[in-house]
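The next block holds one structure in the form of structure tokens; read it before the comments.
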Amino acid sequence: MEYAFEAEGLVKRYGKTTALAGVDLAARPGTVLGVLGPNGAGKTTAVRILATLLRPDAGRAAVGGLDVVADAARVRGLIGLTGQYASVDEDLTGLQNLVLIGQLLNLRGTQAKARAAELLRDFELTEAGGRQVKTYSGGMRRRLDLAASLVGRPDVIYLDEPTTGLDPAKRDDIWNVVRALVADGATVLLTTQYLEEADALADEISVIDHGRVIAHGTPASLKRIVGGQTVLVRPADPARLAEAAAVLAEVSGHQPESTGRGVVTVPVDGDAAFTEVVRRLDQRRIAVTELALRLPSLDEVFFTLTGKHTEVAA
Ligand SMILES: Nc1ncnc2c1ncn2[C@@H]1O[C@H](COP(=O)(O)OP(=O)(O)OP(=O)(O)O)[C@@H](O)[C@H]1O
Ligand SMILES: [Mg+2]
């Protein structure tokens, strides 16, 4: 079996809306496929088809070589899904939720409890395990959602925007969980709106827009097309913007761009340039309120690939 999961020509319509207009996706066993796209691109629809929760109008999809429509029950035995909208019961405790899922998966009572305790420990929720989920913070909630999808030790895991809305530290926790799952041999489909996240985790990335794959490749090949890292500086004193721009020009050898809102940016080749920018800004006593090394935003990626900005979802 070459692919842990694969989809070919998926089409899904809702009335006049074409959510998927012929999407191909695939991942080899033990790899992460990042599906990058803006609101309404069709990410959740594709995940739901691969998870047997929705039938495609055309095209086919298989997990572990099993068709998601004809063999739906067996496919469900192979997959774990962390939905974009949480699936745990708010009125139950974290522990009760995980035990319940174990029982639904036909684990015996003691096994279900042992598996729940193990997952609570792995996700640093042991202490919170006895509390109702409605008292959890957003980050705790996401970790529990993720734990819930892993009760049955699935080979293939779908994570639908697992970090949207999380702060950077909580996001890093989820990233580490994903890395550990893959190190254990799992195959992951991860949807995201952040190139940075796809870059950090994915072996291959499919960029989707309006139900179509508009680009596919490794993170490196995609960054060659859409541009690599950018240094961004916002001087505390807007009058020193030109001086900050001069520093960026010296270090990068490129002409910096100013968006006209007190910020100046320039593309750089590696992390070393960032350190150099910090050093020179400090030498010249240019105080900053924002200083970042970042990848292009999804909007910038889309603009490069399509010549259009992403639309704000209705
Ligand atoms: N049950 C539904 N009924 C009608 N239209 C739907 C339904 N589900 C999705 N759609 C439409 O299909 C398109 C794709 O939606 P989908 O939820 O797959 O996008 P997404 O990429 O997951 O977006 P987001 O980033 O906002 O989660 C959108 O235009 C959406 O409005
Ligand atoms: Mg979605």
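Descriptive notes on the structure:
- Total residues in region 43-87, condition near ligand 2 (Cβ under 10 Å from one of its atoms), under 17 Å from Val11 (Cβ atoms) and without any contact (Cβ under 8 Å) to a residue 12 or more places away in the chain: 1
- Taken residue by residue, region 85-95 has at least one member that is in a helix (DSSP H, G or I), modelled with pLDDT of 95 or more and surrounded by 15 or more Cβ atoms within 10 Å (Cβ to Cβ).
- The one condition from (1) part of a helix (DSSP H, G or I); (2) in contact with a strand residue (DSSP E or B) (Cβ under 9 Å, 6 or more places away or on another chain); (3) more than 16 Å from ligand 1 (Cβ to nearest atom); (4) under 30 Å from Leu98 (Cα atoms) that Val247 does not meet is (4).
- Region 257-273: number of residues that are closer than 18 Å to Asp237 by Cα, of a type outside the set (Val, Ile, Thr) and free of Cβ contacts under 8 Å to residues at least 12 places away in the same chain: 3
- Taken over region 23-41, the criterion of being part of a loop (DSSP other than H, G, I, E, B), surrounded by fewer than 24 Cβ atoms within 10 Å (Cβ to Cβ) and not charged (D, E, K, R) is satisfied by Pro29, Gly30, Thr31, Pro38, Asn39, Gly40.
- Every residue from region 53-77 that is modelled with pLDDT of 95 or more and either in a loop (DSSP other than H, G, I, E, B) or within 12 Å of ligand 1 (Cβ to nearest atom) (or both): Leu54, Arg55, Pro56, Asp57, Gly64, Gly65, Val68, Val69, Ala70, Asp71
- Flag for Leu20 being at pLDDT 95 or above, within 13 Å of ligand 1 (Cβ to nearest atom) and in a loop (DSSP other than H, G, I, E, B): no
- Members of region 31-42 that are within 12 Å of ligand 2 (Cβ to nearest atom) and over 11 Å from the mean Cα position of the chain (by Cα): Pro38, Asn39, Gly40, Ala41, Gly42
The values are calculated or read from the model by the stated rules, or taken from the named source; none is laboratory data. None of the values given here were measured: they were computed from a predicted structure. Glycine also receives a Cβ, built like all others from the backbone with ideal geometry; neighbour counts cover every protein chain displayed.
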